[in-house]
Amino acid sequence: MRKIFISGVIVVINLLAIYYWLIYNPSQNVYSEEIVQKAAEDIDRDFLILFNDIDIQVNIIEKHYNGNSEFSLNMCNDFFLNVLEKNKIIQSLMLLKNNQKYLVLRKNNSIISTLDTTKEFDIVKWQRFEGKKMVSEWDEVFDKSNYNLKWIDDLLQTKNEYQWLHNYRSIKNDVVLLLGKSWNVGNDVYAVAMRFSKEELRKYFRETRGFQRFGVIINTQKEQAFNLTKKNTLKTDSTINTSEFISALKAAYSKFPPNEDRVFSHIYQDKMYWAAVKDIKSILAISNIIVSISEEDINSSDRGQDKLGFIYWGLLLSGSLLVFFATYRKSIFDTKKLFVNKKNVSIDNLLENNENRHLEFKSSLRWDYRQEKVNPDLELVILKTIAAFGNSDGGILLIGVDDDKNILGLENDYNTLKKKGSDFYEIYMRNLFHKYFGVKYTTENVRMDFIQDNAKEICLIEVFKADEPLYLKNKDKSGQTTEKFYVRSGNSSQQIDSLKDINDYIFDRFKKEG
């Protein structure tokens, strides 16, 4: 009864606090140039993460096909079916070796592939896969005149640098980017070309971001431009044409010195638009991106002042607190719903808790404070924690805080990387997680943020429970690859050694819940 009474009091206090905010809280000024700049920064961060992943994937392909790997259909399928399965952003991929051409692409909820070993395309044999199982195969009489293949010759001419390729024919115009790179292995010339799905790119970049009229342009270092704007998203009435708008936006941008970050406004058909330019020329031959949002859309969005939204979230919070007390929870970390927004996170609140099943402190990712030098083995400790949280009920990992809750910050970690700062630090860690746990799990179940405490930054990693078992693959001293299975036990990550115990745990944790 006492718990119920306390819960009721807390609910009433929350409702009064919401009422007070609605009546007395003054509106906070948020200006158009700030909104469009923030949108550009968000997309810029997405680009950094995505194209660093693509660069890593290309490097893996280069190392795999170093002249020793057999260039056959079965061998290529064994390798590239995994590539497409893990990288939903890639619509198709072509690998070239001299006159040999291997192609794999998504088609009708399946993956099809072919290999042509002749100088000229004539007849090609296709195979269709669902997962890794081949379900059918057929021959195609290939008519070269129906396709523009000049880009293949162009790609093979330029070595060891990325190229953005034009004139690539595709069904339904769903291709927005075709990226290629070639290299030499002895006397052999290799090349890889990746085609990206426009729809998957939109999902990845979260293009709309709550706005109805929203445009994105990618400019490359060779003065090519790619429009990522979804059809009709810029329409305010029936007279607006998306391609015309993009041309007007590019014309406005051309009046400024190139390759500089800036925010500017321009008029199109008597309507005001705001644009932000972000310089990202270091990523795969991209020079910058331009993001544009209409003034009308900015004014109509007014996200911060939606009173019904605040009432909804207030009631949701109150209900959560009621459930919290009614079920006698002792810690905020006993629920699956963890902190997801750094604005709602206080480092002091986090540090009020000791390390437990859902909370872990780590001093650093790479810097060894005892040896006072870089120690890459520390990365494995972070990976163990991520795997253990995923195989259990999720949790929060704080990097930059030692076991005694002293805030050390990330400066020493930053100094161990090629580029300093939280952006590159996040890219480095996500690439690490992608390598060990896969892009799908990392994207859907790992959230990362940075909290400022005075002059020191702390990395907050939120891990949600996995839908499938996570194994941590690593090579031992003899070079043999081993798979280890970790779970949370109290305030530590423990390995389960026994195969029987692993199977029992997986059955209870995953199969029963599934």
- Message: Just to be sure I understand, how many residues within the stretch 412-425 are surrounded by fewer than 14 Cβ atoms within 10 Å (Cβ to Cβ) and either out of contact with any helix residue (DSSP H, G or I) (no Cβ under 8 Å at 6 or more places or on another chain) or at pLDDT 90 or above (or both)?
- Response: 2
- Filter result for the condition that a residue is crowded, with 19+ Cβ neighbours inside 10 Å, out of contact with any Cys (no Cβ under 7 Å at 6 or more places or on another chain), under 16 Å from ILE399 (Cα atoms) and of a type outside the set (Phe, Trp, Tyr), over VAL439, VAL446: VAL446
- Task: Please verify whether the stretch 437-446 includes one or more residues that are touching a residue at least 60 places away in the same chain (Cβ under 8 Å) and either in the same structural domain as GLU41 (by TED's automatic domain parsing) or over 26 Å from the mean Cα position of the chain (by Cα) (or both).
- Result: no
- Could you list, in sequence order, the residues of the stretch 272-294 that are in contact with a Ser or Thr (Cβ under 8 Å, 6 or more places away or on another chain), modelled with pLDDT under 85 and surrounded by fewer than 17 Cβ atoms within 10 Å (Cβ to Cβ)? ASP279, LYS281
- Message: Looking only at the stretch 460-501, how many residues end up being surrounded by 13 or more Cβ atoms within 10 Å (Cβ to Cβ) and either over 23 Å from VAL446 (Cα atoms) or of a type in the set (Phe, Trp, Tyr) (or both)?
- Response: 4
- How many residues are assigned to a loop (DSSP other than H, G, I, E, B) and touching a residue at least 12 places away in the same chain (Cβ under 8 Å) if we restrict to the stretch 465-514? 10
- Note on the structure: Considering residues that are within 17 Å of LEU201 (Cα to Cα) and of a type outside the set (Ser, Thr, Tyr), the number found within the stretch 90-106 is 5
- Of all residues in the stretch 144-172 being hydroxyl-bearing (Ser, Thr, Tyr) and either assigned to a helix (DSSP H, G or I) or under 28 Å from the mean Cα position of the chain (by Cα) (or both), the one that is modelled with the lowest pLDDT: SER170
- Checked the stretch 434-464 for anything at pLDDT 90 or above and not in a strand (DSSP E or B); matches are PHE464
- Filter result for GLU457 (surrounded by fewer than 16 Cβ atoms within 10 Å (Cβ to Cβ), under 25 Å from the mean Cα position of the chain (by Cα) and assigned by TED's automatic domain parsing to the domain that holds GLU360): no
- Message: So in the stretch 182-221, with the set limited to residues that are modelled with pLDDT under 70 and assigned to a loop (DSSP other than H, G, I, E, B), which one is surrounded by the fewest Cβ atoms within 10 Å (Cβ to Cβ)?
- Response: GLY210
- Query: So LEU179 fits all but one of (1) under 21 Å from the mean Cα position of the chain (by Cα); (2) modelled with pLDDT under 75; what number is the exception?
  - Reply: (2)
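The values are calculated or read from the model by the stated rules, or taken from the named source; none is laboratory data. In this text, all values refer to a predicted model and were calculated from it rather than measured experimentally. Positions of Cβ are generated from backbone atoms using ideal geometry, with glycine treated the same way; all protein chains shown enter the neighbour counts.
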